[in-house]
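Enquirer: Handing you this structure, nothing more for now.
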Amino acid sequence: MTLVRRIVGKRNLADFDAFPKVPETYTETTAAGGTDITVAMPCDMVGADIIDVTNQNNAYTYGRLNEEPTYFELTDSQQVQWDAVRDINNYLRDEHHSLRDFLWRKDTRNQFVYGRPIPPRNILPDKEPDACRIHGTLIVNKVAGNFHITVGKHIPLPIGHAHISLTAGMTRYNFSHRIERFSFGEHIPSIINPLEGEEKITTAETHLFQYYVKVISTDIQTTDIKMHTYQYSTTEKDRIINHEKDSHGSPGIYFKYDIDAIGVRVVEEYMPFWKFLVRLCGIVGGIYATSGLINTIVTGITDLVTCK
């Protein structure tokens with residue numbers, strides 16, 4: 001009898017973890033482009049931050065956005081610029097559905113209006129600012145996450161996080177908001193992002209706005225430019241929180257994003273002039289040969305009918 005010793009390979013203790021960690025390659029970061037959102041509440045009442053599946057709860061893990069006190073109501077000149085942005089975005093969204101037309105506009109005539117930020121106020125109102133402009137850039141992991149703006153400032157916890165507000169219950173909430181910029185990757189004025197130009201007005205204090213964003217990596221190669229960026233599609237829903245009617249949750253503005261592992265490559269190809277000439281000569285030669293063949297057949301049939 002021959003004895004065979006079975007060698008069992010050693011397994012890493014992490015293989016037996018009931019809650020496996022996210023692979024290191026998933027925590028590679030990507031530039032989040034830019035965020036410029038105005039909320040109709042003072043800055044000391046709201047806070048903005050990100051939490052994702054890596055569960056990194058440090059308030060400044062992904063960077064820090066600027067909070068600038070401002071006024072939600074626009075001046076006449078600001079309203080003109082804002083209406084132009086909304087009209088352009090709605091037109092492109094309704095009329096141009098292909099990637100070439102919607103994502104990348106080679107005619108830059110509208111960039112003078114679309115790419116220009118809302119002008120500053122010339123005269124400040126005689127009252128305290130009633131809104132907060134939250135703007136800046138963040139660096140996020142290439143995993144699903146949740147960027148949200150809600151009441152109170154971010155407080156990290158061992159599991160998840162919370163928002164604490166010293167004015168809770170003392171002031172009326174208003175999550176009416178205006179999205180001037182919301183993009184991923186390097187900012188390119190020619191790219192029209194779906195949420196830019198979005199404005200929501202509400203009179204309910206406990207309104208919850210949710211945007212579901214699907215992000216996809218995109219390489220653009222044209223005769224004019226070569227660039228890597230991100231595009232996204234979005235769906236949205238909103239509801240009023242009412243615990244008595246089983247509508248639970250926390251009022252605020254939530255952007256639930258997911259970065260797809262599949263990328264898109266947009267390449268503009270053109271035909272060299274010499275190849276065009278070769279094809280043109282081939283077409284002309286084919287027409288000449290075909291016309292000669294048809295002429296021979298018609299002549300033969302005519303001679304046969306007339307008995308020549």
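The values are calculated or read from the model by the stated rules, or taken from the named source; none is laboratory data. The structure displayed is predicted, hence computed values, not measured ones. FYI the Cβ positions are ideal-geometry reconstructions off the backbone, even for glycines, and counts take in every protein chain you see.
Enquirer: Mind checking whether some residue in region 211-226 is among the aliphatic types (A, V, I, L, M), assigned to a loop (DSSP other than H, G, I, E, B) and at pLDDT 90 or above?
Expert: no
Enquirer: Here is a check on your reading of the model: is Ile240 surrounded by 10 or more Cβ atoms within 10 Å (Cβ to Cβ), among the β-branched types (Val, Ile, Thr) and touching a strand residue (DSSP E or B) at 6+ places or on another chain (Cβ under 9 Å)?
Expert: Details: surrounded by 10 or more Cβ atoms within 10 Å (Cβ to Cβ): yes; among the β-branched types (Val, Ile, Thr): yes; touching a strand residue (DSSP E or B) at 6+ places or on another chain (Cβ under 9 Å): yes.
Yes.
Enquirer: Which residues, counting only those in region 234-258, are among the basic types (Lys, Arg) and more than 19 Å from Thr203 (Cβ to Cβ)? Can you show your working first?
Expert: Start the filter on region 234-258 by keeping residues that are among the basic types (Lys, Arg), which leaves 237, 239, 245, 256.
If the condition is that a residue be among the basic types (Lys, Arg) and more than 19 Å from Thr203 (Cβ to Cβ), then Lys256 is the only one that fits.
Enquirer: Now, a different point. What number goes with the only condition from (1) under 26 Å from Met45 (Cβ atoms); (2) under 14 Å from the mean Cα position of the chain (by Cα) that Phe209 does not pass?
Expert: The failed condition is (2).
Enquirer: Name the single residue that is surrounded by the fewest Cβ atoms within 10 Å (Cβ to Cβ) among those in region 254-292 being outside any helix (DSSP H, G or I) and of a type in the set (A, V, I, L, M, F, W, C).
Expert: Selected residue: Ile262.
Enquirer: Of the conditions (1) closer than 30 Å to Gly152 by Cβ; (2) surrounded by 10 or more Cβ atoms within 10 Å (Cβ to Cβ), Asn295 fails just one. Which one is it?
Expert: So the condition that Asn295 fails would be (1).
Enquirer: Sticking with this structure for a sec: For region 66-113: of the residues being closer than 30 Å to Tyr173 by Cβ and in a loop (DSSP other than H, G, I, E, B), which is modelled with the lowest pLDDT?
Expert: Among them, the one singled out is Thr75.
Enquirer: Need pairs with beta-carbon distance below 9 Å; first residue closer than 25 Å to Thr222 by Cβ and within region 270-287, second part of a helix (DSSP H, G or I); sequence gap 6+ or separate chains.
Expert: So the pair list comes out as Met271/Arg279.
Enquirer: Inside region 193-237, can you point out the residues that are free of Cβ contacts under 8 Å to residues at least 40 places away in the same chain and surrounded by fewer than 17 Cβ atoms within 10 Å (Cβ to Cβ)?
Expert: Once the filter is applied, which keeps residues that are free of Cβ contacts under 8 Å to residues at least 40 places away in the same chain and surrounded by fewer than 17 Cβ atoms within 10 Å (Cβ to Cβ), region 193-237 yields Lys200, Ile201, Thr203, Ala204, Ile225, Lys226, Ser233, Thr235, Glu236, Lys237.
Enquirer: Please work out if Phe175 is part of a strand (DSSP E or B), crowded, with 21+ Cβ neighbours inside 10 Å and assigned by TED's automatic domain parsing to the domain that holds Ile253.
Expert: no
Enquirer: Here is a further query. Can you tell me which residue is surrounded by the fewest Cβ atoms within 10 Å (Cβ to Cβ) among those in region 70-91 that are without any contact (Cβ under 8 Å) to a residue 40 or more places away in the chain and polar (S, T, N, Q)?
Expert: Checked region 70-91; the qualifying residue surrounded by the fewest Cβ atoms within 10 Å (Cβ to Cβ) is Gln79.
Enquirer: Tell me whether region 121-128 contains one or more residues that are surrounded by 12 or more Cβ atoms within 10 Å (Cβ to Cβ), closer than 24 Å to Ser77 by Cα and modelled with pLDDT under 85.
Expert: Yes: one or more hits.
Enquirer: Turning to a different aspect of this structure: Looking at region 145-156, can you tell me whether even one residue there is of a type in the set (A, V, I, L, M, F, W, C) and at pLDDT below 80?
Expert: Looking through region 145-156, at least one residue is of a type in the set (A, V, I, L, M, F, W, C) and at pLDDT below 80.
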